[in-house]
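Trainee: What follows is a single structure, and I will ask about it in a moment.
The values are calculated or read from the model by the stated rules, or taken from the named source; none is laboratory data. This one's a predicted model, so the numbers in the text were calculated from it and none came from an experiment. So basically every Cβ, Gly included, is an ideal-geometry build from the backbone, and we count neighbours across all protein chains shown.
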Amino acid sequence: MPTPQRSIDHRDYQRVPRVVTALARDEEHGVTAKPHSHERAQLLYATQGLMRVKTDFGMWILPPRRALWIPSGVVHHWTSISKVTMRTIYVEAAAAKAFGDSCRVIEVSPLLRELIVALLEEPIEYPLPGRGEHLAMLILSELAAAATVPIAIPWPRDRRLVAVCEAIMADPGSPRNIEQWADDVGASARTLIRLFPKETGLHYRQWVQQVHLAEAFGRLAQGDSVGEIAAALGYASPSAFSAMFRRILGKTPQHYLTEWRQPLTQRPA
């Protein structure tokens, strides 16, 4: 666990003269952070619990073993969907350039997780040279090798499309089609079909599938079965849902269930 001297205020980590800094904070269910940005890039990560993160450009659901890379200056806010043990890192701007200038979800390997937890045992301004510096360099190495998970919910700006997207997010398993959504917002189905790729970069069905994937990850992390998730999202069968999941992610839901049930460590997180 972090020492009592560690701050839980993200602002205290932005100008520490170290390439990588690590923050630990625990949040109760339903906590929402106000929109904010950081001078440093951030790997927003929780070892336990679920988080929903939103920017002007997209939304993400983060279960354990998934983290969101957020470049410096990107305004974002998050909500804890359950109790959360946040174990996040901040990366100095020059070093962060190697990891891209857009938000993306990455897989957190067991090694990366352990490195982050280990860095939290060091002082915020860890000695140079020393153990903290070695951990920081290994964290950067693991970040460079981390796989990107193609899950993102691009967010539109058109008020009609925003209304439709908010309704779908509120009820991901809704059987309503785009013609019915169009009636609700006073637009034609053709207009919405045109707006989806223009505003989000995805066609309507692709966008809905991203919502389904995000919802599925959250439900898998909470222990729901594939059958329960398929039914909740309106799929005709678990196999139909699994086929969509595998087509987009290259792995089955069962693969992730097995992965998440494997204990990472006995060490406190």
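Trainee: Would you confirm, using the coordinates I've provided, whether Arg205 is assigned to a helix (DSSP H, G or I), more than 27 Å from the chain's Cα centre (by Cα) and of a type in the set (Lys, Arg)?
Mentor: Values: assigned to a helix (DSSP H, G or I): yes; more than 27 Å from the chain's Cα centre (by Cα): no; of a type in the set (Lys, Arg): yes.
For Arg205, the condition - assigned to a helix (DSSP H, G or I), more than 27 Å from the chain's Cα centre (by Cα) and of a type in the set (Lys, Arg) - is not met.
Trainee: Right, next: Does the range 157-202 hold any residues that are assigned to a loop (DSSP other than H, G, I, E, B) and without any contact (Cβ under 8 Å) to a residue 40 or more places away in the chain, and which are they?
Mentor: Asp171, Arg176, Asn177, Gly186, Ala187, Ser188, listed by residue number.
Trainee: Of Glu142, Glu122, which residue is buried (at least 16 other Cβ atoms within 10 Å of the Cβ), charged (D, E, K, R) and not in a helix (DSSP H, G or I)? Give the steps one after another, and end with the answer.
Mentor: Numbers: Glu142 fails: not in a helix (DSSP H, G or I).
Matching residue, one of Glu142, Glu122: Glu122.
Trainee: Give me the pairs, please: first residue somewhere in the range 230-258 and touching a residue at least 40 places away in the same chain (Cβ under 8 Å) and acidic (Asp, Glu), second residue anywhere and exposed (fewer than 13 other Cβ atoms within 10 Å of the Cβ) and part of a helix (DSSP H, G or I), beta-carbon distance under 9 Å, and either six or more positions apart or on two chains.
Mentor: As it stands, the answer is none, since no pair meets every condition given.
Trainee: If you don't mind, another one. Can you tell me which residue among Tyr13, Tyr45 is under 18 Å from Val149 (Cβ atoms) and either aromatic (Phe, Trp, Tyr) or touching a strand residue (DSSP E or B) at 6+ places or on another chain (Cβ under 8 Å) (or both)? Break it down stepwise before answering.
Mentor: Values: Tyr13 fails: under 18 Å from Val149 (Cβ atoms).
Within the list Tyr13, Tyr45, the selection yields Tyr45.
Trainee: Which members of the range 125-139 meet the condition of being buried (at least 19 other Cβ atoms within 10 Å of the Cβ) and either in a strand (DSSP E or B) or not aliphatic (A, V, I, L, M) (or both)? Before the answer, list the steps.
Mentor: Taking the range 125-139 first, the residues buried (at least 19 other Cβ atoms within 10 Å of the Cβ) are 126, 132, 135-136, 139.
Within the range 125-139, Tyr126, Gly132 meet the criteria.
Trainee: Please go through the range 1-56 and pick out each residue that is hydrophobic (A, V, I, L, M, F, W, C) and in contact (Cβ under 8 Å) with a residue 60 or more places away in the chain. Break it down stepwise before answering.
Mentor: Going residue by residue through the range 1-56, those that are hydrophobic (A, V, I, L, M, F, W, C) are 1, 8, 16, 19-20, 22-24, 31, 33, 41, 43-44, 46, 50-51, 53.
Met1, Val16, Val19, Val20, Ala22, Leu23, Ala24, Leu43, Leu50 - these are the residues of the range 1-56 that are hydrophobic (A, V, I, L, M, F, W, C) and in contact (Cβ under 8 Å) with a residue 60 or more places away in the chain.
Trainee: Check the range 246-255 and report whether any residue there is in a helix (DSSP H, G or I), more than 16 Å from the chain's Cα centre (by Cα), closer than 19 Å to Arg52 by Cα and modelled with pLDDT of 90 or more. Full working, then the answer.
Mentor: Here is the first cut: in the range 246-255, the ones in a helix (DSSP H, G or I) are 246-249, 253-255.
Going one step further and asking which of them are more than 16 Å from the chain's Cα centre (by Cα), we end up with 246-248, 253-255.
Subsequent filtering for residues that are closer than 19 Å to Arg52 by Cα retains none.
No.
Conditions (1) under 26 Å from Arg11 (Cβ atoms); (2) without any contact (Cβ under 8 Å) to a residue 60 or more places away in the chain; (3) more than 13 Å from the chain's Cα centre (by Cα), marked per residue:
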{"residue": "Gly58", "(1), (2), (3)": "yes, no, no"}
{"residue": "Ser109", "(1), (2), (3)": "no, yes, yes"}
{"residue": "Ile124", "(1), (2), (3)": "yes, no, yes"}
{"residue": "Ala147", "(1), (2), (3)": "no, yes, yes"}
{"residue": "Pro150", "(1), (2), (3)": "no, no, no"}
